[in-house]
Amino acid sequence: MGALTFTLLGVDVIAPDAAVVFGKWELTREKGHPWGLLTLTRRKISGQWVIVNDHTSNAEK
């Protein structure tokens, strides 16, 4: 199926219990090389950082 990798591009802490994470994902495989960008909104709930929103785009190399 391929190898999926993530690259962290940045983190903006917007409150003590909230952050926005920006990154890039890539899938290396025999046919095609899809990749895209992602934005995750994370919140600290009951002492754990959880993803509360995920927006992911995709493209093909």
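FYI, it's all coordinate maths here, none of it is from the lab. Note that the coordinates shown come from a computational prediction; the quantities given were computed from them, not determined experimentally. Methodologically, a virtual Cβ is constructed for each residue, glycine included, from the backbone with ideal geometry; neighbour enumeration extends over all protein chains shown.
Under a point spin-label approximation (7 Å from Cα along Cα-to-Cβ), what is the PHE22-ALA59 distance to one decimal in nm?
Computed distance between label sites PHE22 and ALA59 equals 1.4 nm.
Given a cut-off of under 8 Å on Cα pairs at least six residues apart, what relative contact order in percent is computed for the chain?
27
Treating only the Cβ of Lys, Arg, Asp and Glu as charged (+1, +1, -1, -1), what charge dipole size does the chain show about its Cα centre? Round to the nearest 20 debye.
60
When only DSSP loop residues count, what trypsin sites (Lys or Arg not before Pro) in region 17-47 have their Cβ near at most 15 other Cβ atoms within 10 Å?
Passing both the DSSP loop test and the Cβ count: ARG29, LYS31.
Report the net charge of residues surrounding PHE6, where surrounding means a beta-carbon distance below 14 angstrom and charges are Lys +1, Arg +1, Asp -1, Glu -1.
Combined, the nearby Lys, Arg, Asp and Glu give -1.
Select one label from [x] 21, 14, 11; [y] 22, 15, 8; [z] 28, 11, 8: the one whose number is semi-axes √(5λ) of the Cα gyration tensor in Å as derived from the coordinates shown.
[z]
Starting from 0.36 nm per residue, how many nanometres of slack lie between ILE45 and ARG29 once their C-alpha separation is accounted for?
2.1 nm
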